[in-house]
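First the structure, in the form of structure tokens, and then the observations on it.
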Amino acid sequence: MRMLLQWAKEMNANYVRLAHYPHSEEMVRLADEMGLLVWAEVPVYWTISWTNPATFDNANAQLSDLMKRDRNRASVIVWSIGNETPGQRAAQCLHGQAGRHRPRAGRYPPGRGRARGAPERSEVVVEDPLADQLDLASFNEYAGWYWSNNRDMLNFRFNIRYRKPVVITEFGADALGGYHADADTRWSEEYQQRLYENQIKMLGAIPGLRGMSPVEIRPDSARRAPARIRSEVAGDRRASCRAGRDGASILIWFSYSRCWYSSLQRVSASAW
């Protein structure tokens, strides 16, 4: 665990998103010791049984236990109540959870949001029925990977309909370690590098941007899920690495960091 957090420190990250489930208490204690901020999360996402009352009870118990355990940890700055949750039924379930925990939390439970809108359009609208219960406008987006491409993503703008701090909780791309081509060829390290450069330009145009969580996955995390961490940035700090489909390490650790840091200095000057 210390090694994972040390990697985040070496990449100049200043917070980690411990997704998508409660991590051990030792991990949070180490974050306290090492001066890393923590986004804490429970496994509420995707296609779980949203209409089953036991789903809410389970999620509520996990979040309650997590908050009780870590409420005095200096590192924990976000209690996340879900990730990539679909539709109105999920919103109804999470609305009750957020409302129940709000008066009990020293830090309110922010954490989920989704970018909705047709990727073909130049405007991506971010809205969520839970917005009134949350403190952050946060969402995952994969421009240049699941939609658009490296060139066209710079034509998109985000319309975020809330006066709340914005945190991009996931973005990034896969690549095959050692595969080189031009910046328009997917799976190449050059495509991945250009995607991160353009993502920073695109996201830097969001007026309320306060942090980013580029995806970082340890090379063997596909086989050992507990090894996964999300390693992040707020303000002018950022670095990331993503494991390829074959588990190979993607070398964006330090080789690309110089352009990221210089870009983020410009981003933070306009965003804060």
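Quick note: the coordinates plus some simple rules give every number you see, no bench work behind them. Bear in mind that the values here come from a model prediction, so they are computed numbers and not experimental data. Virtual Cβ from ideal backbone geometry, glycine too; neighbours counted across all protein chains shown.
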- Task: Output the residues belonging to segment 162-176 that are within 21 Å of VAL78 (Cα to Cα) and of a type outside the set (Val, Ile, Thr).
- Result: TYR162, ARG163, LYS164, PRO165, GLU170, PHE171
- Filter the strands (runs of 3 or more DSSP E) completely within segment 131-197 down to those with at least 3 residues that are buried (at least 20 other Cβ atoms within 10 Å of the Cβ). 137-140, 166-171
- Task: Can you run down the residue pairs with Cβ atoms below 8 Å, 6 or more apart or on separate chains, where the first is in segment 136-158 and among the basic types (Lys, Arg) and the partner is assigned to a loop (DSSP other than H, G, I, E, B)?
- Result: ARG151/ASP184; ARG157/SER122; ARG157/ALA205
- Looking only at residues in segment 16-50 that are more than 20 Å from THR85 (Cα to Cα) and not aliphatic (A, V, I, L, M), which one is nearest to the chain's Cα centre (by Cα)? HIS23
